[in-house]
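To start, the structure itself, in structure tokens.
Every number here is computed from the coordinates shown, using simple stated rules; none is lab data. None of these values were measured; they are calculated from a predicted model.
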Amino acid sequence: MIFMDLEKIYKNRDIPNKYILTLVVSARARQLSERKGAISGYDEKFITRAVEDLTQGRIKYSFVDTSPKKNPNESVEA
């Protein structure tokens, strides 16, 4: 098992906290697992590969605001 300093990783990659780091790494690992056949000659686990991709700058992340936009002309009735 490979041990990685997660605090060092998220601080070096400007990720706000370890929870966001977990989301980014798990999303990348899921991508890798969905296309197993496309990655030949790589024997490590997907989670390890995802962390390596992040630490080496091969992947980037961003947030998409999916919250409904509030219309300032609408009134809320109780």
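Worth pointing out:
- Fully extending the segment from A27 to E52, taken as 0.36 nm per residue of separation minus the present Cα-Cα distance, adds 7.6 nm.
- For region 6-55, the alpha carbon convex hull comes to 64 Å³ per residue, rounded to a whole number.
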